[in-house]
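The values are calculated or read from the model by the stated rules, or taken from the named source; none is laboratory data. This structure is a prediction, so every number in the text was calculated from the model and none was measured. Don't worry about glycine lacking a Cβ; one is built from the backbone with ideal geometry, like all the others, and counts go over all protein chains shown.
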Amino acid sequence: MERVDCVVIGAGVVGLAVARRLALAGREVMVLEAAHSIGTGTSSRNSEVIHAGIYYAQNSLKATLCVRGKEALYAYCESRAIPHRRCGKLIVATDARQVSALQALRSNASANGVLDLQSLTSVQVKALEPEIVCVAALLSPSTGIIDSHTFMLQLQADAEQAGAVFAFQSAVEAGEITFEGIALRVQGAIEPLLATSVINCAGLQAQQVAASLVGLPAASIPPLFYAKGNYFSFSGQAHFSRLIYPMPQAAGLGIHLTLDLAGRPRFGPDVQWVSDLDYTVDASRLAAFQNQIRHYWPGVDAGTLQPDYAGIRPKLVPQGAPAADFQIDGPTRHGVAGLVNLYGIESPGLTAALAIADHVAQSLSV
């Protein structure tokens, strides 16, 4: 068997950040990616938002790693000239009955270490975004947007400069926990790889990869559910300088207005529970989009909305259940030395990627 110190499975944004972190720490790193290039899954099918850390449960990994990752991400973008903008966002209450929930969000954010939120009246919101209608809002100045592909390319470049090697179209087909290390059968390879450490960052395939590892306790692998998010682009005239979010809904943050770095609005994602990886945008959801958007932007014209793209979030709980935290399982969780499995890495995974990489390295004592 070919021996390698460390294998990272998956070249999405988290896998890239982990590979970079381990390579910079002096580990010999090989990245195995089933697709033909980096970031083709969840990492390239999201809103490209740098989140502040407002919504997540106190002391959760999502909260801790989002807040820590946000600061690391802004610093990284500035040091590498990665296109981004700290544009801020408004979370709007469109009904008086939502105001108490809005204030509860501010309290939760404060407990998570997000101390820059500002409470605004409807008049103050009008002064900032004249087309938005609401009764109250929170302004989050530290929310931003990023060119996620450029970010991922830079992570890859850093990892390769530190000695990491990438193998594309190299899906992990099976594996086994042995006394010598973790043996992996890789698509197209004649002999298996024997790794001292394996970090499973396979995203939507993380459970499948974990289940293929003989010797890993099956009880340690959580269930997987797919939540599809459809996005619609906007072709009309609109003048917004901030992201606009409604109050959060079950399994998501509501159909929000985000901006790309050129200032073009787009809307989404919604939440559509599905059973397969179908990225076709469901055009029949246009009416529901229009209805929800009009709660905070009455002037939206349905004729200016077109199906754009869709992403699928890996959920660890089914429809109707309370949101689950990230699940990052190191040896103390499953008992396999050198193995870290990452499950349910959805939003705010992009924002938290650098902090997740540090967390993984710490679990391996790197």
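Quick notes
- Being at pLDDT 95 or above, more than 26 Å from Ser235 (Cα to Cα) and part of a loop (DSSP other than H, G, I, E, B) is a property that Ala337 has.
- Filtering Ile190, Ile132 for residues that are over 16 Å from Leu16 (Cα atoms) and not assigned by TED's automatic domain parsing to the domain that holds Ile244 leaves a single hit, Ile190.
- Verdict on Tyr56 being surrounded by 21 or more Cβ atoms within 10 Å (Cβ to Cβ), out of contact with any Asp or Glu (no Cβ under 7 Å at 6 or more places or on another chain) and among the hydroxyl-bearing types (Ser, Thr, Tyr): yes
- Flag if Ala251 is out of contact with any Pro (no Cβ under 7 Å at 6 or more places or on another chain), aliphatic (A, V, I, L, M), modelled with pLDDT under 90 and closer than 17 Å to Pro348 by Cβ: yes
- Of all the listed residues (Ala183, Ala195, Ala174), the sole one being in the same structural domain as Gln327 (by TED's automatic domain parsing), in contact with a Cys (Cβ under 7 Å, 6 or more places away or on another chain) and part of a strand (DSSP E or B) is Ala195.
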